[in-house]
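One structure below.
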Amino acid sequence: MTASSVLPPAPASSGGARPPLLSPELPAVPNAFRRDLPKIYTRELAELIFVNPYCRISDVVDVGIAKRQSASVYLKALVDIGLLEDAKTGRENLYINSALLSLLRDRTPSRFK
């Protein structure tokens, strides 16, 4: 499974092109990721951390980006530069994209809050 296989299909009217994954409010995030961590930056990893507001090590492994140990190192490096926050949930760590989470929270219609 690849990162593009977990993304929603493009609307039919767009001619097959996928709509932009990142919001205009977050343009500096992938640039900071690419600039600060060029050795681990991949388009697939950047897409993966913006599909959901959280990510697990197993998500990185399942998409085929890295094996478990490397996936852990990659996500911890993203925590170190401030792109993700880590939270322990039971035996597993969640890596939370707080910028994306707050963007989603701010855009949620008031009837769902």
- Task: Just give me the residues in the range 56-66 being more than 13 Å from residue 44 (Cα to Cα) and surrounded by 16 or more Cβ atoms within 10 Å (Cβ to Cβ), in sequence order.
- Result: 56, 57
- Query: Can you pull out the residues in the range 67-82 that are buried (at least 16 other Cβ atoms within 10 Å of the Cβ) and out of contact with any helix residue (DSSP H, G or I) (no Cβ under 6 Å at 6 or more places or on another chain)?
  - Reply: 74, 75, 77, 78
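Every read-out reported here was derived from the displayed coordinates using simple, explicitly stated rules and does not represent laboratory data. All values derive from a computational prediction rather than experimental measurement. We place every Cβ from the backbone using ideal geometry, glycine too, and count neighbours over all the protein chains shown.
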